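Have a look at the structure below before the remarks.
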Amino acid sequence: MINKKMYELGSNRSAIRDLFEYGKTLANKIGKENVFDFTLGNPSVPCPNEVNEYIANLVLTDAVSTHGYTSAQGDLATREAIVNYNARRYGFTLDANLIYMTCGAAAALTIVLRSIISNEGEEVVAFAPYFPEYKVFVENAGGTLKVTPADEVNFETNFDMLKKIVSPKTQAVIINSPNNPSGTVYSEETIIKLSKFLNEKQAEYGHPIYLLADEPYREILFDGATCPFLPKYYDNTIICYSYSKALSLPGERIGYIAISPKCENASELYYAVCGAGRSLGYVCAPSLFQKVVAKYCDVTSNPQIYKDNRDELISMLTSLGFSCVNPKGAFYLFMKSPISDAKEFSNYAKTLGLLLVPSDTFGVEGYVRLATCVSKETVVNSKPAFTKLAEKYLK
């Protein structure tokens, strides 16, 4: 017999991936130039030249070492480079012996959740809008995802609802800033307030509540926004980081877990992370890209095109009568659907060649997400289709 739960996950793609695959089929029918695909967060900015040159040099001059195994938890030099980078940038010293290299942030979250959920039904809290795979990751670890409804004023944290949701079963809270899908960057005031609340609940319940910092977009910020470094505010923080967006390396799957040295029982937690990685087969992240990270963890791709596309889209869409949430980071734009049923709105947009992800999949109703990491031509050439969309719903 096959595992029915796994069958369901495999046979029913996420709404994002489903739309992306639909777009490829549609492009074959009506021409790629007539499809305006805003679905997938696939960086359109190239990887920095020096990184590509370094990769080529490694492969040509040191292929044996480059393609060999590293330590299960990752190469020490790479982990030390990460410590040094974060110390320089954020003034906080991590510990190389509490860092575990992973195949991106998804693997990092999966490992961490497996390491902190001990009993069936223990709970993890996320804030809507949230990345839909959180539910898959939490349930696969034996937990239950509890979602705090969105604060549609600023899309940060709905503290009134959070107070009702956190319980003695709460093992962790996931925070994703800059946020996918809204582009919200959580303010320092919010982080301080959240830290105070979680510290109070830890004392009340007598066990740690971990703050999982899901941070693949941490380097992509606009308009002078800053992203608070969570270990400076809350001791029981675990960072789940990815270089997919910062270095435009999404297909290479490289990231890390960093447990704050101030975390309660940090060493024991790290052993649990190592054990979870082992049990899942997530050991020895790609050696080639560990070497890349060790040398270029302080380099980022140029995010200007994302800002330019954001500005162009907001100007275009608001001039047509649509309402948008102005993102301060990441490369997404949350647009208000003119009808309550975002799926219906998205389905009609498909008939115009516009692929927009309905917000239901992110735990919020009445919005669609546009990925702004597309070509300039896609943005400019989509205007006639958006104009028709506005004529349908706003005229």
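Provide the per-residue ³J(HN,Hα) series for segment 318-324, in order, calculated from phi with Karplus coefficients 6.51, -1.76, 1.60 and θ = phi - 60°, each as a whole number of Hz, with x at glycine and proline positions.
Coupling constants for segment 318-324: 5, 5, 8, x, 7, 10, 10 Hz.
Could you pull out every one of the lysines with an alpha carbon less than 21 Å from that of Lys388, ignoring same-chain neighbours closer than 8 positions?
Excluding near neighbours in sequence, the set is Lys29, Lys32, Lys336, Lys343, Lys350, Lys376.
What's the Cα-based Rg to Rh of segment 164-243, Rh via Kirkwood?
Values: Rg = 13.0 Å, Rh = 13.3 Å.
When Rh is taken as the Kirkwood radius, the ratio is 0.98.
Answer rounded, prolate or oblate for segment 184-329, using the Cα gyration tensor with square roots of eigenvalues a ≥ b ≥ c: rounded when a/c is under 1.5, else prolate when a/b is larger than b/c, else oblate. Please list the in-between numbers first.
On the way: a/c = 2.57, a/b = 1.31, b/c = 1.96.
Here segment 184-329 falls in the oblate category.
Considering the convex hull of the alpha carbon atoms of segment 68-296, report its projected area averaged over all viewing directions, in nm², one decimal. Could the numbers behind the result be given before it?
Numbers: hull surface 46.4 nm².
Taking a quarter of the hull surface, the average projection is 11.6 nm².
For the chain, compute Rg over Rh where Rg is the Cα radius of gyration and Rh is the Kirkwood radius from the inverse mean 1/r over Cα pairs.
With Rh from the inverse mean 1/r over Cα pairs, Rg/Rh is 0.96.
Taking the Cα centre as origin and putting +1 on Lys and Arg beta-carbons and -1 on Asp and Glu beta-carbons, what dipole magnitude results for segment 51-101, to the nearest 20 debye? If you can, show how the numbers build up before the last one.
Values: 3 positive and 5 negative charges, 40 e Å.
Once rounded to the nearest 20, the dipole reads 200 debye.
Whole-Hz Karplus ³J(HN,Hα) for segment 44-61, in order, using 6.51 cos²θ - 1.76 cosθ + 1.60 and θ = phi - 60°, x for Gly and Pro?
Those phi angles translate into 9, 7, x, 4, x, 4, 5, 6, 4, 5, 5, 4, 4, 5, 4, 5, 7, 10 Hz.
Between Leu162, Gly363, Ile174, whose Cα lies farthest towards the positive end of the dipole of the chain when Lys and Arg beta carbons carry +1 and Asp and Glu beta carbons carry -1, centred on the Cα centre?
Gly363
Of the options Val147, Thr70, Gly353, report the single residue whose Cα projects farthest towards the positive end of the charge dipole of the chain (beta-carbon charges: Lys, Arg +1; Asp, Glu -1).
The listed residue farthest towards the positive side: Gly353.
Considering every pair of different Cα atoms, what Kirkwood radius, in Å, is found for segment 275-385?
16.5
Straight-line reach from Lys307: which aspartates and glutamates have a Cα under 12 Å away, not including same-chain ones fewer than 8 places off?
Partners found: Asp223.
Would you work out the charge dipole size for segment 68-296 about its Cα centre, treating the Cβ of every Lys and Arg as +1 and the Cβ of every Asp and Glu as -1, and quote it to the nearest 20 debye? If you can, show how the numbers build up before the last one.
Numbers: 20 positive and 24 negative charges, 95 e Å.
Using Cβ point charges on Lys, Arg, Asp and Glu, segment 68-296 gives about 460 debye.
May I ask you to list the lysines whose Cα is less than 26 Å away from that of Lys193, ignoring any residue fewer than eight positions away on the same chain?
Counting by Cα, and skipping residues close in sequence, Lys193 has these lysines nearby: Lys135, Lys146, Lys163, Lys164, Lys169, Lys201, Lys232, Lys262, Lys328.
With +1 on each Lys and Arg Cβ and -1 on each Asp and Glu Cβ, how big is the dipole of the chain about its Cα centre, in debye rounded to the nearest 20? Write down the numbers at each step before the final one.
Numbers: 39 positive and 42 negative charges, 127 e Å.
Roughly 600 debye for the chain.
When the Karplus curve 6.51 cos²θ - 1.76 cosθ + 1.60 is applied with θ = phi - 60°, which whole-Hz ³J(HN,Hα) does each residue of segment 349-365 get, with x for Gly and Pro?
Result, rounded to whole Hz: 4, 4, 5, 9, x, 9, 10, 10, 8, x, 6, 3, 5, 9, x, 9, 9.
Which one, Phe131, Phe197, Val380, is farthest towards the positive end of the dipole of the chain when Lys and Arg carry +1 and Asp and Glu -1 on their Cβ?
So the residue we want is Val380.
Tell me, Cys240, Cys324 in order of fewest to most beta-carbon neighbours within 10 Å?
On the way: Cys240 26, Cys324 19.
Fewest-to-most Cβ neighbours within 10 Å comes out as Cys324, Cys240.
Checking a compactness column here: for segment 75-116, what do you get for Rg(Cα) / (2.2 N^0.38 Å), N being the number of residues? Intermediate values should be presented prior to the final figure.
Numbers: Rg = 11.4 Å, N = 42, 2.2 N^0.38 = 9.1 Å.
Expressed relative to 2.2 N^0.38 Å, the Cα Rg reads 1.25.
Rule-based calculations on the coordinates, nothing more; no lab input. It should be emphasised that the depicted structure is a prediction, and the values quoted were computed from it without experimental measurement. We place every Cβ from the backbone using ideal geometry, glycine too, and count neighbours over all the protein chains shown.
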